[in-house]
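Encoded as structure tokens, the structure appears first; notes follow it.
Computed from the coordinates by the stated procedures, all read-outs in this text should not be read as laboratory data. Nothing here was measured: the structure is a model prediction, and the numbers come from that model. Neighbour counts are summed over all protein chains in view; Cβ atoms, including those assigned to glycine, are modelled from backbone coordinates with ideal geometry.
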Amino acid sequence: MIFAAQKKQLQDQRPGAVFHESLSGIGPKEIKVPAVPKGTTMIGAAINCDEGGNWKLSVSQKTPARSEAQCSLGVTPAIEFPIDNKLGTNKLVLEVNKDSHFWISIYYK
């Protein structure tokens, strides 16, 4: 149900977003994201997590980028990062409380 809401938000609010994958889990997570497809320059994510904490998402690259917000199951924030390395794998680091459940949908823009 959360992934369906994330996908709808991307369709409604991020026209042209190219969906990559959805992941869920508990606690912090490192996510390897393949090279951005031709015609895109950014990696984005829609994130939900158990309420009562915050999430932080960063991309490890020469020009670091980071975003954060309060965890929510009802509000789905989406963020996008310009990517330095468009031809190689990029690493996203999602920080949430170690016992918080998260849902993240990754896309290209």
(request) Multiply the residue gap between SER24 and HIS101 by 0.36 nm, knock off their C-alpha separation, and tell me the result in nm, one decimal place. (result) 27.0 nm
(request) Give me the angle, in degrees from 0 to 90, between the Cα long axis of helix 2-13 and the longest principal axis of the Cα atoms of the chain, rounded to the nearest 10. (result) 50
(request) Given the options LEU57, LEU94, LEU23, state which has the largest fluctuation in a GNM of the chain using a 10 Å cut-off (strictly under) for Cα springs. (result) LEU23
(request) Could you give the size of the charge dipole of the chain about its Cα centre, using +1 on the Cβ of each K and R and -1 on the Cβ of each D and E, expressed in debye and rounded to the nearest 20? (result) 420
(message) What distance in nm lies between label points placed 7 Å from Cα along the C-beta direction at VAL93 and LYS38?
(response) 3.4
(request) Could you pull out every one of the lysines with an alpha carbon less than 29 Å from that of LYS8, ignoring same-chain neighbours closer than 8 positions? (result) LYS29, LYS32, LYS38, LYS56, LYS86, LYS91, LYS98, LYS109
(message) Could you work out the pair-distance distribution P(r) of the chain from its alpha-carbon pairs, with 5 angstrom bin width and percents rounded to whole numbers?
(response) 2, 13, 25, 25, 20, 11, 3, 0
(message) Tell me which GluC sites (Glu not before Pro) from the range 21-60 have a DSSP coil assignment and no more than 12 other beta carbons within 10 Å of their own.
(response) GLU51
(message) As an exercise, identify the trypsin sites (Lys or Arg not before Pro) in the range 45-108 lying in DSSP coil whose Cβ has no more than 12 other Cβ atoms within 10 Å.
(response) LYS62, LYS98
